[in-house]
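Accompanying notes for the structure given below.
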Amino acid sequence: MSVTLHVYDLSQGMASQMSPALLGKQIGGIWHTGIVVFGREYYFGGGICVDAPGATPYGSPVKEHVIGSTRKSLEEFLAFLRSVSPRFTVETYNLFEHNCNNFSEECSRFLTGKGIPEYI
């Protein structure tokens, strides 16, 4: 079963255009990510959410990275999500330290043993 990372730019290109003037350096985007596996997209958005791939509230992904494949079953993945769900709530969200990208990283490592791309 393939595991893919969907990457969304929450700034819709503005971060890339405006970052040199505002930050003094270029950044590619303000990234939101979701893990696509078992025909669904899983992401942290005020709790653990699931949607059809590419049909999240964040629009269309700007990039898709195939992370690898998994031998885990859907049941094992759902059990994993239940086990981490207390750590991924509205109350635990932190823009810089505990966000959707941390969730995607944990899912990716559980499913494939590999992390998400470092630029995120």
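The values are calculated or read from the model by the stated rules, or taken from the named source; none is laboratory data. Just so it is clear, the model here is predicted, and its values are computed rather than measured. No Cβ is skipped: glycine too gets one built from the backbone with ideal geometry, and neighbour counts run over all protein chains shown. Calculation scope for accessible area: heavy atoms of the full protein, side chains included, ligands and nucleic acids excluded. Shrake-Rupley method; radii C 1.70, N 1.55, O 1.52, S 1.80 Å.
What to note about this one:
- Spacing of the two label points (7 Å from each Cα toward its C-beta) at Arg40 and Met1, in nm: 1.0
- Centroid-to-centroid, using Cα positions, the stretch 57-111 and the stretch 29-48 are 6 Å apart.
- Loop-resident GluC sites (Glu not before Pro) (DSSP state other than H, G, I, E or B) in the stretch 73-109 with no more than 15 further Cβ atoms inside 10 Å of their Cβ: Glu91, Glu97.
- Spin-label model distance (nm) - Ser11 vs Phe80, 7 Å beyond Cα toward Cβ: 3.1
- J(HN,Hα) series, the stretch 97-114, from Karplus relation 6.51 cos²θ - 1.76 cosθ + 1.60, nearest Hz, glycine and proline x: 10, 8, 9, 4, 6, 5, 4, 4, 4, 5, 5, 4, 5, 4, 6, 10, x, 10
- Candidate residues Thr89, Thr70: accessible-area rank, largest first, probe 1.4 Å: Thr89, Thr70
- In plain terms, the C-alpha convex hull of the stretch 31-79 casts an average shadow of 3.8 nm² when viewed from every direction.
- Counting 0.36 nm for each residue step from Ser69 to Glu91 and taking away their Cα separation leaves a gain of 4.7 nm.
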